[in-house]
């Protein structure tokens, strides 16, 4: 991937090709115009901004423009068309209740999402665009954070419980969306709805745990 002044030159070239002003670019990235100047002159762009930056210019330049591999945060199938980005959607209702069997895990659909919403998610999460997927929630155990029928965005690149957070995972033969906390000798699985009791996964049981991703956004427009 390009860095330093080479990255800055690539940003300026993409800006000119897209035909947008520095002020417009700053507004789209939700930063101040002087920061855009710094990006262009020095190529100092926070890693958390790169996904949104590449996505913003994906209608005029491809991954080779930035010197990145396609699998690094960029997927040509996710190009913007008429201001919409197509994201994959898992055709299953992940359990946010007592637990549901992982039926139809391999059936995947696609949903068109407004470019501005995707850019906002990328800016807040720092996640690569190609790692995003949508999942529909069933159950009320994560209310009020996530409600029954909500669509959540997951980071599919997460395959382990590397930090405390809300995860989509299968334990045994059931799939859940739950809040998981790392404990000294176990994983604590909890619901945000106080009516549901928590439980633990011991080190001996982790072989039955399969993490599908970390929940980073709820479709009410809020980060998780």
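Things to note:
- Across all C-alpha atoms in segment 4-76, the radius of gyration and Dmax reach 11.2, 31 Å.
- Relative contact order computed over segment 4-76 (Cα-Cα under 8 Å; 6+ residues apart), in percent: 36 percent
- Segments 112-123, 181-192 sorted - mean Cβ within 10 Å per residue, highest first: 112-123, 181-192
- Here segment 153-224 is treated as an ellipsoid with the same Cα gyration tensor; its semi-axes, largest first and in whole Å, are 20, 15, 11.
- Cβ crowding within 10 Å, taken as a proxy for footprinting-reagent exposure, orders 39, 199 from fewest neighbours to most as 199, 39.
- Residues of segment 175-190 with amide N under 18 Å of a point placed 7 Å along Cα→Cβ from residue 163: 178-184, 188
- Sequence of 212, 65 once ranked by neighbouring C-beta atoms within 10 Å, starting from the fewest: 65, 212
Every read-out reported here was derived from the displayed coordinates using simple, explicitly stated rules and does not represent laboratory data. Quick caveat: nothing in here was measured; it's all calculated off a predicted structure. In this analysis, Cβ positions are derived from the backbone assuming ideal geometry, glycine residues included, and neighbour counts consider all displayed protein chains.
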